[in-house]
Amino acid sequence: MRAKVETGIAGLDDILYGGIPKGNVVMVEGPPGTGKTTMGMQYLIKGAQKNEPGIYITFEETPEQIAENMSNYEWDINILEESNLIKIVSFSPQIVHEDMLSTSGIFEKMIRSFNCQRIVIDSISLIKYLNKEESNVRELIYSLRNILHKHSLTALLINEEIDTNINIHSIENFVVDGIIQMSYQFLNENIRSYVLEVIKMRGTKISNYQHNYLLTDKGIHIIPSYVSGEIDRDLRKKPQEIIPTGIQKLDELLLGGVARGETFLIETDSLTTLYKLILVSISSQRIKKGEKFLYSLSIATTIEEFINIFKRYNIDLVKELENDQGLFIEHFRRSVLKEIESKVANVTSMTNEEYWNFLNEHIRYEVNKDKLEDKYWFTSYDINTILIKRGKEFLYSIYGELLALVKSLSITTLMHCNVDTVDKEILSLLESKSDGIIKIWSDVRYQYLQIIKSPLNINSKPFIIETINEYPFIELS
Ligand SMILES: Nc1ncnc2c1ncn2[C@@H]1O[C@H](COP(=O)(O)OP(=O)(O)OP(=O)(O)O)[C@@H](O)[C@H]1O
Ligand SMILES: [Mg+2]
């Protein structure tokens, strides 16, 4: 395997399985304001910290302007410049243009004299505009790439081209070793959601997904999408934290509990009641670990009832809500305690589209923000309530996307479904998308529990659920 150059940009090295293969010339494309300059500078700063000097070549702005623009970040570029670890130079596009096409070699001399390992050119768009002739552009980019290759420089070429269709066949994309595309969409008037995708990268495997990223004081922070699938499981450097359910037998069966980011389906019939204790036990363990919750209330459970059950598990839900540790989604018009009014989102008047946007936006924005601080979320939905209030078509249209979204953000998900009232089609959709399934049912005397699917493929025999007087109030035997 080729040596990798660690970019040091949060998340990017994970997506690239270690970094950019040494010597690659990588095009970074994206419309204005997507953070291309930020990424370029961050790449050099990380290099400087590893004692790998880098040059920043700018055509549009002076070195002072670049430094000024970057002063919004927590970086001290001046010190790195003084230590000769970073050099910012401003060229006229014309000079580079002539230099590339002749043999005078100013550009090459500079590279040699600075003895750098990383280089950023911001941006090649301008050189392109100087050339009306396509064959000239090709020649120019080709010779630029050759010089960079000759000096084994790992380079980022910034390109402002806003091409709506992926311009994978354009000349420059063909010549370069890698392509990273950055873009954004508006979640609403105020919130932009940034997305990064690695289109190609010679010399390494890449993750084939779009990844969200944030612009923070520390620069770009990418949140890799861990969508299920073999390739992306490799991306998980550290095993996701497993949190116990609090029910001893269940923890034994699940080899410790439920891992962060997993989706469990709790299937019940109409007569079972003890599933609520199981749901609350799993939830309270997660809350105790500092996870935040997004709870979708069902017709069968009011907030007051929830608060009371949680109290038995030593969780003061009102306090948690007041401390901004969670949010309820209410699908019915029911009264709410004054103290927590602002933490209950009533969605009764939303159309299906508005409801989905709300979920999507809330999850993406809040969870991404918290993830930066290593705070995680879990969420619980009642499928029957979604079916009653939003309809079967809605569930079909969003379910896959919802699960991909929560998975990509490492949100642990607990789905509850009373299977007596749903058809086979829905049930198979729910079952196929879950990592684990806990089936709970009753006869006249007992309530039973059985694990019929688990992330580790360990299924169980049926157990009788017994209620006991002390924590966790149920026992499996
Ligand atoms: N500390 C910060 N926190 C969050 N965002 C910031 C911070 N500092 C700058 N930004 C934002 O980062 C955005 C991206 O800036 P950057 O100059 O890197 O984009 P660009 O893709 O190079 O744009 P252009 O194509 O116009 O050169 C800017 O809109 C800026 O407002
Ligand atoms: Mg820029």
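The values are calculated or read from the model by the stated rules, or taken from the named source; none is laboratory data. Since the structure is predicted, the reported quantities are computational estimates derived from the model, not experimental observations. When we count neighbours, we look across all protein chains shown, and the Cβ atoms used for this are built from the backbone with ideal geometry, even at glycine.
Of the strands (runs of 3 or more DSSP E) lying entirely inside region 391-457, those containing at least 1 residues that are among the small types (Gly, Ala, Ser) and surrounded by 19 or more Cβ atoms within 10 Å (Cβ to Cβ) span 436-442.
Looking at Glu108, Glu68, which is the one that is in a helix (DSSP H, G or I) and loosely packed, with under 14 Cβ neighbours inside 10 Å?
Sole residue among the options that is in a helix (DSSP H, G or I) and loosely packed, with under 14 Cβ neighbours inside 10 Å: Glu68.
Being in a helix (DSSP H, G or I), in the same structural domain as Gly219 (by TED's automatic domain parsing), within 15 Å of ligand 2 (Cβ to nearest atom) and exposed (fewer than 13 other Cβ atoms within 10 Å of the Cβ) is a property that Ser125 lacks.
Does Glu189 satisfy the criteria of being out of contact with any helix residue (DSSP H, G or I) (no Cβ under 7 Å at 6 or more places or on another chain) and modelled with pLDDT under 80?
yes
So is Asn115 within 13 Å of ligand 2 (Cβ to nearest atom) and polar (S, T, N, Q) or not? Taking the combined requirement at face value, the residue does not satisfy it. Contact list please: Cβ distance under 8 Å, first residue in region 301-319 and not assigned by TED's automatic domain parsing to the domain that holds Ser342, second residue crowded, with 18+ Cβ neighbours inside 10 Å and hydrophobic (A, V, I, L, M, F, W, C), pairs at least six apart or on different chains. Once the first residue is not assigned by TED's automatic domain parsing to the domain that holds Ser342 and sits in region 301-319, no partner that is crowded, with 18+ Cβ neighbours inside 10 Å and hydrophobic (A, V, I, L, M, F, W, C) comes close enough. Counting the residues of region 7-55 that are within 16 Å of ligand 1 (Cβ to nearest atom) and part of a helix (DSSP H, G or I) gives 12. Among residues of region 56-65 being in contact with a Leu (Cβ under 9 Å, 6 or more places away or on another chain) and not in a strand (DSSP E or B), the one that is nearest to ligand 1 (Cβ to nearest atom) is Glu60.
For (1) hydrophobic (A, V, I, L, M, F, W, C); (2) buried (at least 17 other Cβ atoms within 10 Å of the Cβ); (3) out of contact with any helix residue (DSSP H, G or I) (no Cβ under 8 Å at 6 or more places or on another chain), each residue gets a yes or a no:
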position	(1), (2), (3)
Asn314	no, no, no
Val318	yes, no, no
Gly326	no, yes, no
Ser335	no, no, yes
Lys343	no, yes, no
Asn360	no, no, no
Arg364	no, yes, no
Lys369	no, no, yes
Ser380	no, yes, no
